[in-house]
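**Student:** This structure is in structure tokens; I'll ask about it shortly.
The values are calculated or read from the model by the stated rules, or taken from the named source; none is laboratory data. Note that the structure is a prediction, hence the values are computed from the model and not measured. Cβ: placed from backbone, ideal geometry, glycine included. Neighbour counts: every protein chain shown.
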Amino acid sequence: MSGAQEHEDFASVENIYQHLLSRAPEDRMAPRLDAVAAAVAALGDPHRSAPVVHVTGTNGKTSTARMIESLLLAHDLRVGRYTSPHLERVTERISIDGEPVPDETFVRIYSEIAPYLELVDRKLEADGAPRLTYFETLTVLAFAVFADEPVDVMVLEVGIGGTWDATNVADAAVSVVTPIGLDHTTMLGDTVGQIAREKAGIIKPQGFLVSAAQQPEAAQVLLDRARELGDPFRFEGVEFAVTGRSTAVGGQVITVQGLAGEYPDLMLPLFGAHQAQNAAVAVAAVEAFVGGGDKPLNPELVATGLGAVSSPGRLELARKAPPVILDAAHNPHGLLASATAVREAFTFTKLNLVVGVLRDKDAAEMMRVLVDEYHEFELELWCTRSQSPRAVAPEELAEIAEEMGFDEDAVHVSERLDDACAAAIQDAAAREQFDGAVLVTGSITVVGEARVLLGL
């Protein structure tokens, strides 16, 4: 490929994104770190340009990372945040001070590092190994962007697992673990303990472990790893906790007992007990990062930080009349948490579900959770799909739904997401009692496409 051709290919975010997609797909991450290590070494170790807060877990990673970011910003720190996957545009994954990296920066940095990545690709292929994957390449790009800015701290969300995740070339000053459940079982293991061992890989020497409340098996794995390394560790429900919570317009008011201080009456503009839990974890993580867990934070800065949090696609109220809620829960544990929050925060009689699921998820268990958790409502279900090639066919999803207990007459098949959303919204709007609502859920890709359709 000529230099002119390279320049043309990397002339826009869209060009680069298509190039990235030509690599191994995101869901086929190889259990290796040597490739990413070689890439960052070729670039002068940008992953060591700032201290790291590293976030893993099964659910709540992105919301927790956003809360940590917002709290650090309130402390006047320049923050780089790397999360995945994106809802609409790939630039969302790499954020500077709460905003997606500008297109021109994304293009410039990728164009600068591309020749080095090509050299790494050639070496890998010469050794009989696959070239850098989609996720590995994006991770290296994120490190390069953060070094170029530069940022004061990097908040990194793992892609899958921990030990072999591309982000784990970095050594965390604070390792954060959100609740661990069963997900990605083909890659991480089919028990909570096995999955916890993979996620415990982000705990590093001279670090600090902050964990949400865990199932005993997972908690023991994390505890053993921290003790092995001699790291301090703090668990929700033992050293810190949510001690008060009440619903409020636009979210909830919480009180958090942190590692070193109490933070009362904090407005959190997100719904659900699980988000309050994420907030407590975030506060503890920032206490650990800023003051080693021994010094309380300024309560006003905590209030400012949490009050500014947003988490698109996480119980997001996209429309008010009728209520249209978007939630990216994509496994049984996530759906259970969001259902609890929906019942608490919203009042309606009929619920129209628009659901799409990806192939590697437990669709049957997800449908069981939906029918069980929302049984008190008049339910109607639109089975649909995103544009992802991994999406379960709507007809197959409908069969699973009926097997799990959905009324056959209340199950609809819609090949197109826009048609499903339109039908569900129209049906809810037609309710004379104004008691209908729509929930779009089941996968991040479905919610991302729905946000575009709804003009968000």
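**Student:** So GLY162 ticks every box in (1) in contact with a strand residue (DSSP E or B) (Cβ under 8 Å, 6 or more places away or on another chain); (2) at pLDDT 95 or above but one. Which box is left unticked?
**Tutor:** (2)
**Student:** If we scan the stretch 441-452, do we find a residue that is within 18 Å of LYS350 (Cβ to Cβ) and either of a type in the set (Val, Ile, Thr) or more than 26 Å from the chain's Cα centre (by Cα) (or both)? If you could, list the steps in order and put the result at the bottom.
**Tutor:** Within the stretch 441-452, the subset within 18 Å of LYS350 (Cβ to Cβ) is 441.
Filter once more, so that each one left must be either of a type in the set (Val, Ile, Thr) or more than 26 Å from the chain's Cα centre (by Cα) (or both): 441.
Yes, the stretch 441-452 contains at least one residue that is within 18 Å of LYS350 (Cβ to Cβ) and either of a type in the set (Val, Ile, Thr) or more than 26 Å from the chain's Cα centre (by Cα) (or both).
**Student:** Shifting gears a bit: Among the residues of the stretch 356-400, what is the count of those that are of a type in the set (Gly, Ala, Ser) and either closer than 24 Å to PHE346 by Cα or modelled with pLDDT under 95 (or both)? Talk me through it step by step, then tell me what you get.
**Tutor:** Taking the stretch 356-400 and keeping what is of a type in the set (Gly, Ala, Ser), we get 356, 363-364, 386, 388, 391, 393, 398.
From what is left, the residues that are either closer than 24 Å to PHE346 by Cα or modelled with pLDDT under 95 (or both) are 356, 388.
Here the count works out to 2.
**Student:** Please determine, by comparing only the residues of the stretch 3-57 that are among the small types (Gly, Ala, Ser), assigned to a helix (DSSP H, G or I) and at pLDDT 75 or above, which one is surrounded by the most Cβ atoms within 10 Å (Cβ to Cβ).
**Tutor:** Filtering the stretch 3-57 for residues among the small types (Gly, Ala, Ser) gives 3-4, 11-12, 22, 24, 30, 35, 37-39, 41-42, 44, 49-50, 57.
From what is left, the residues that are assigned to a helix (DSSP H, G or I) are 3-4, 35, 37-39, 41-42.
If we keep only those that are at pLDDT 75 or above too, we end up with 35, 37-39, 41-42.
Values: ALA35: 23, ALA37: 16, ALA38: 20, ALA39: 28, ALA41: 13, ALA42: 16.
Within the stretch 3-57, the match that is surrounded by the most Cβ atoms within 10 Å (Cβ to Cβ) is ALA39.
**Student:** Given the condition polar (S, T, N, Q) and at pLDDT below 95, answer yes or no: does some residue in the stretch 135-158 qualify?
**Tutor:** As a first pass, look at the stretch 135-158 and keep what is polar (S, T, N, Q): 137, 139.
Next, from what is left, pick out any that are at pLDDT below 95: none.
Checked against the condition, which is being polar (S, T, N, Q) and at pLDDT below 95, the stretch 135-158 yields no hits at all.
**Student:** Out of the residues in the stretch 147-162 meeting the condition of being part of a loop (DSSP other than H, G, I, E, B) and acidic (Asp, Glu), tell me which one is surrounded by the most Cβ atoms within 10 Å (Cβ to Cβ). Spell out the reasoning first.
**Tutor:** Let us first name the residues in the stretch 147-162 that are part of a loop (DSSP other than H, G, I, E, B), namely 149-152, 158-162.
Now narrow it down to the ones that are acidic (Asp, Glu): 149, 152.
Numbers: GLU149: 17, ASP152: 15.
Out of the qualifying residues, it is GLU149.
**Student:** Right, next: So, PHE135, is that one aromatic (Phe, Trp, Tyr) and under 16 Å from the mean Cα position of the chain (by Cα) or not?
**Tutor:** Details: aromatic (Phe, Trp, Tyr): yes; under 16 Å from the mean Cα position of the chain (by Cα): yes.
Judged against the criteria, PHE135 is a match.
**Student:** Under the condition of being in contact with a helix residue (DSSP H, G or I) (Cβ under 6 Å, 6 or more places away or on another chain) and of a type in the set (Gly, Ala, Ser), which residue from the stretch 248-287 is modelled with the lowest pLDDT?
**Tutor:** Across the stretch 248-287, the extreme among qualifying residues is GLY272.
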